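Novice: Here it is, the structure, as structure tokens.
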Amino acid sequence: MKAMLRVFSLMIVILSLAACQQTLRPNDDNGITGIYYLLKFDGTTLPGTVMHDGVALEVHTGSFFINADGTCFSRTRFTPPGGEEEIREVHAKYVVKDSRLIMKWEGAGTTEGTVEGDIFTMDNHGMIFEYTRNP
């Protein structure tokens, strides 16, 4: 009887832990998570030149990662004028509100984007970035 009680207690603990894990695990009900690849910025296809703070940057590639845990990040490969190729990665936390992805960037401001099917579009202070999940 004691052995059965221990097994039963152990099963309850395991089921409770599984239920907690299920509750704590991020949920992707909105279907937006994934890796998006930069297609265009301000209508310019890649590779291309973009003006940022009065400086022309040659952008080679870009990706945007939307995670189910409410975090996202952008990784861009570019070359500044007269410089060597660089990779810049910036991180944010996001919320989805009325089909908009609202991102609060670490050490910076807030931007908004939308996901329609496999296309993610982000307005970064007037500069429009267009990404796709299917490169």
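The values are calculated or read from the model by the stated rules, or taken from the named source; none is laboratory data. Keep in mind that what you see is a predicted model, and the values were worked out from it rather than measured. With ideal geometry, Cβ positions are generated from the backbone for all residues, glycine too; neighbour counts draw on all protein chains shown. In case anyone asks, the SASA skips ligands and DNA or RNA and just uses the protein heavy atoms, side chains included. Shrake-Rupley method; radii C 1.70, N 1.55, O 1.52, S 1.80 Å.
Novice: Is it the case that some residue within region 65-83 is under 16 Å from Thr132 (Cα atoms), of a type outside the set (S, T, N, Q) and not in a strand (DSSP E or B)?
Specialist: no
Novice: Sticking with this structure for a sec: Name the single residue, out of those in region 106-125 being out of contact with any Ser or Thr (no Cβ under 7 Å at 6 or more places or on another chain) and open to solvent by less than 90 Å² (accessible area, probe 1.4 Å), that is farthest from Gly54 (Cα to Cα).
Specialist: Here the answer is Gly117.
Novice: Additional query: If you scan region 47-67, which residues turn out to be within 20 Å of Asp118 (Cβ to Cβ) and open to solvent by less than 40 Å² (accessible area, probe 1.4 Å)?
Specialist: Matches in region 47-67: Gly62, Ser63, Phe64, Phe65, Ile66.
Novice: Still on this model: Which of the numbered conditions does Leu38 fail, given that it passes all the others? Conditions: (1) open to solvent by 30 Å² or more (accessible area, probe 1.4 Å); (2) in a strand (DSSP E or B).
Specialist: Every condition holds for Leu38 apart from (1).
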